[in-house]
1. I want to check the label-to-label distance for ALA141 and VAL117. Put each point 7 Å from Cα in the C-beta direction and report it in nm to one decimal.
2. List the residues of segment 62-79 whose backbone N lies under 14 Å from a point placed 7 Å from the Cα of LYS175 along the Cα-to-Cβ direction.
3. On a straight-distance basis, which lysines could pair with LYS65 in a cross-link, Cα separation under 23 angstrom, same-chain partners fewer than 8 positions away excluded?
4. Quick one: order MET173, MET67 by neighbouring beta-carbon count within 10 Å, fewest to most.
5. Using a ≥ b ≥ c from the Cα gyration tensor of segment 41-199 (square roots of the eigenvalues), is it rounded, prolate or oblate, where a/c under 1.5 gives rounded and otherwise the larger of a/b and b/c decides, a/b for prolate?
6. Give me ARG63, ARG128, ARG198 sorted ascending by neighbouring Cβ count inside 10 Å, so fewest comes first.
7. Rank these for me by crowding, MET192, MET116, MET87, going from fewest to most other beta carbons within 10 Å.
Amino acid sequence: MSVRLLAVIVAGFLIGALGGAALLVLSQGGQGPAVQTSGKALIGGPFTLVGRDGKPVTDQAFRGKYMLVFFGFTHCPDICPAELQVMAAALDELGPKANEIIPIFITLDPERDTPMVVSDYVTNFSPRFVGLTGSSEQIAAAAKAYRVVYSKFQQDNSSSDYSIDHSAFVYLMGKDGEYITHFAYGTPLSQMTETLRRYL
């Protein structure tokens, strides 16, 4: 894992930690009424993206199924393909129960990842996958909802080649679209499979 990527992931954790700490201070500070919290994780939410046929796809299209969501990009050399392979293998391990889960790959690189490019890419890992892209604004809104931190990195400004550093979590969302749990990059296949089985 690169130093840049590690920094991005740590930044994501710090944002969450600082937010949690702020809520704790407000709720225990003794000044004014305590802040009431529901304990609901602020991960996930509505999105409008673009599917293989170029038509809009919203989060509502997946209601009634679990969503296994991962953000990445098709030019990713290592982390994305490795994580997609683990996701695909975990679903294979679940057998018929996997039909209750829709694995979704959302690109963070709409400049290069057209609907067809994304769809062709994910089907290399499993025909179960749904690949989604969209405008830069749509991608940014979806990433913000899932607390995904990402940034474009271009070593040589004169070159058209670039990479994207991003946090690498796989999110399990419920049939109602609500957050259930997540898997950090490097989670063993057996652990992901057993966790998914527990929630099905």
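1. 2.2
2. Residues 62-67 fall inside that zone.
3. Here the lysines satisfying the reach criterion relative to LYS65 are LYS40, LYS55, LYS97, LYS144, LYS175.
4. MET67, MET173
5. Because a/c hits 1.5 or more and a/b exceeds b/c, segment 41-199 counts as prolate.
6. By the 10 Å Cβ count, ascending, the order reads ARG198, ARG63, ARG128.
7. MET116, MET192, MET87
Every number in this text was worked out from the coordinates using simple rules, so none of it is lab data. Just so it is clear, the structure is predicted and the values come from calculations on it, not from any experiment. When we count neighbours, we look across all protein chains shown, and the Cβ atoms used for this are built from the backbone with ideal geometry, even at glycine.
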